[in-house]
1. I need the full set of residues from segment 480-498 which are of a type in the set (D, E, K, R) and at pLDDT below 85, in order please.
2. Condition check: surrounded by fewer than 17 Cβ atoms within 10 Å (Cβ to Cβ), in contact (Cβ under 8 Å) with a residue 12 or more places away in the chain and within 19 Å of Met256 (Cβ to Cβ). Does Asn312 satisfy that?
3. Tell me which residues, restricted to segment 555-568, are buried (at least 17 other Cβ atoms within 10 Å of the Cβ) and not aromatic (Phe, Trp, Tyr).
4. Could you pull out the residue among Val119, Val68, Val86, Val94 that is touching a residue at least 24 places away in the same chain (Cβ under 8 Å) and surrounded by fewer than 17 Cβ atoms within 10 Å (Cβ to Cβ)?
5. Quick check on segment 472-485. Is at least one of its residues surrounded by 24 or more Cβ atoms within 10 Å (Cβ to Cβ), under 21 Å from Arg457 (Cα atoms) and under 57 Å from the mean Cα position of the chain (by Cα)?
6. Of the conditions (1) in a strand (DSSP E or B); (2) loosely packed, with under 15 Cβ neighbours inside 10 Å, Thr415 fails just one. Which one is it?
7. With the requirement that a residue be aliphatic (A, V, I, L, M) and within 58 Å of the chain's Cα centre (by Cα), what does segment 507-542 give you?
8. For segment 290-308, which residues satisfy the criterion of being buried (at least 16 other Cβ atoms within 10 Å of the Cβ) and at pLDDT below 90?
Amino acid sequence: MKKYIFFSLFLLISSWLAAQAPLAPVVQDSSQKLKIETAMVVEYFVKGQRTLQKLSGNVRMRQENTLVYCDTAILDQENAVLKGNVSMEQADSVKVFADSALYNTDTKISHLFGNVVLVNGVQELFTNRLKYDLGNKIATYHTGATMTNGKSQLTSTHGYYYVNEKQIYFKGNVLGTDPDFTMRTDTMVFNTETQTVRFVAPTLISQQKSKIYTESGFYDIENDFAEFDLNPQYEKEQQRGRARKMRYFGTSKEYMLEGDAYIDDPQKGQTTQADVIRYNTDTEKTTLKGNAHFRDSTRDIRGEEIHVDSRNKAYQIAGRGRVIDPPNIIEADSLDFNDNLGAGLALGGVIWIDTASEFTILAHRMDYNKQTEFLNAFGSSGAQGATGRPLMKSLIERDTLYMSADTLTSYKPDTASDIRLLLAHRDVRIFKSDMQAVCDSLSFSTADSIFRFYKIRDLPVIWSDTSQFSGDTVRMLLKNKKLDRIWLIQNALVINSEDGLMFNQIKGKNTTAFFRDDEVREMLVEGNAQAVYYALDDGRAYIGLNETQCSEMRLYFGNNQVESIKFYTQPSGSFTPMKKAGSGTKKLDGFFWEQVRRPHRIQDLF
């Protein structure tokens, strides 16, 4: 009885002393892999053939470079049951916290429960159940988890965290949130070192005003850069884009679409296509490269490289391009246009087509303004215009009229009407298969379809078949796209010669020639009218010279010959047989037969 009382008292005192001591003495098993470093209370239990250890209070254990902390631990050979404030630390700063855990010292695998947190640098993973292989540093969960770096977070149903490789695989209902975006997918890979997300399944990224869809690619969170390379698409308000590959530059708010790139914006009435499209959402500037095509409500633009500033309504084409801007079509090696200013500049091989007035201008440079419908063309028009002269051409009754000058200008004097003026300055030359002309300057108005030829240095001259028309000022009327009449004002002179030897001449102050079927049919000569013409027999041999003078005369023609003449106010005339007229032609004062200046082909216009 005394021995029992003494033994009980010894146990009570020992227990009390153990509770007061900072550390409890521990008897280590040399074969035990999980080394016990500290514990407030150590208890031993026998279970079958095994002896269990129970550690309580400030428990700390070590296995190689891994430290294990908890409130209570039960050690059963290679297994350890950990409870209360469980934490595991590895030398490389990886830490795991939990309410409880099961740990196997052979496999170095722990199963953690409760409020589980895995910390690796700035990365923190939160879950309620985690399997962590401390030897291979692989963490696995299947009951949902959230990973955060303080700024962004990712959640998923399943996850595989390869600490050494710094890779986390998220699987099932993956959701990523960030102050700038939300991301949803089924499968995703995250690199904790590079802060890069890789997409391996259909993924939707939502921002404040835009969405991006892809089935493959990556997103660099730190640098806010993404690349999507499988069926990428994006949507911003009503704007939609797609391509074979898409890049997003978050810092500059730019999208780059590569390969069959396409953007549609119904709200603005715009469509954009190219091999590569680069679009900035802040500046609303777009760059298109390769087979570029831009279309909006007013124009259609094509070229190798197009720059569009939607906010300022400015367009620039680098390289050969074409713009359809009804009623005009323009092609050039480079084009610049600003809608707000209404001003444009075209350079290099310029082709301007006015579908309303039905004329085309070829030039090296053209300045134009859509608001005033003004254009000014000068410089070489291409291979034909090697000397640097613009060229205008217009289809007239299935034949083309060509005109060149040092400068061609066209504009609308009144924007409320469709009337257009065309001005040609310096060394004007015109070629049509049945009519040619030269002058120092020229104007043409669609209001009356009259060409006005002016003299600065040399007399204006018009040729039609074998006839030559000249005067200080010349006017030519096109009616129904046919030559209708010619007015010769001051020093009017008309010369006709079929053989270049004998010349029929009609001179006066002013002369009007009337045409039908591109031939002179009638001519009215007013003021000091004079006529010299050679009569022909049926064999078209010269038989004599007719000379007539009067105040006014009217001549009628057929087959390029004078058929009859009416004389007004004191006419006088004479007929001289050819034997007396001599072999040389009679010439009136001011006679000249111009052949050097006459264009015989299109190339003569340059």
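1. Going residue by residue through segment 480-498, those that are of a type in the set (D, E, K, R) are 481-482, 484-485, 498.
Selection gives Lys481, Lys482, Glu498.
2. Values: surrounded by fewer than 17 Cβ atoms within 10 Å (Cβ to Cβ): yes; in contact (Cβ under 8 Å) with a residue 12 or more places away in the chain: yes; within 19 Å of Met256 (Cβ to Cβ): no.
Against the criterion (surrounded by fewer than 17 Cβ atoms within 10 Å (Cβ to Cβ), in contact (Cβ under 8 Å) with a residue 12 or more places away in the chain and within 19 Å of Met256 (Cβ to Cβ)), Asn312 does not qualify.
3. Step one: filter segment 555-568 for residues buried (at least 17 other Cβ atoms within 10 Å of the Cβ), giving 555, 557, 562, 565, 567.
Listed by number, the residues that qualify are Leu555, Val562, Ile565.
4. On the way: Val68 fails: surrounded by fewer than 17 Cβ atoms within 10 Å (Cβ to Cβ); Val86 fails: surrounded by fewer than 17 Cβ atoms within 10 Å (Cβ to Cβ); Val94 fails: surrounded by fewer than 17 Cβ atoms within 10 Å (Cβ to Cβ).
That would be Val119, the only listed residue that is touching a residue at least 24 places away in the same chain (Cβ under 8 Å) and surrounded by fewer than 17 Cβ atoms within 10 Å (Cβ to Cβ).
5. Applying the first criterion (surrounded by 24 or more Cβ atoms within 10 Å (Cβ to Cβ)) to segment 472-485 yields 474, 476, 483.
Next cut, under 21 Å from Arg457 (Cα atoms) only: 474, 476.
Right, trim to under 57 Å from the mean Cα position of the chain (by Cα) and you get 474, 476.
Yes; the residues of segment 472-485 include at least one that is surrounded by 24 or more Cβ atoms within 10 Å (Cβ to Cβ), under 21 Å from Arg457 (Cα atoms) and under 57 Å from the mean Cα position of the chain (by Cα).
6. So the condition that Thr415 fails would be (1).
7. At the first step, the residues of segment 507-542 found to be aliphatic (A, V, I, L, M) are 513, 520, 523-525, 529, 531-532, 535-536, 541.
Scanning segment 507-542 gives Ala513, Val520.
8. Result: Asp296, Arg299, Val308.
The values are calculated or read from the model by the stated rules, or taken from the named source; none is laboratory data. Since the structure is predicted, the reported quantities are computational estimates derived from the model, not experimental observations. Neighbour counts run over all protein chains shown; Cβ positions are idealised from the backbone, glycine included.
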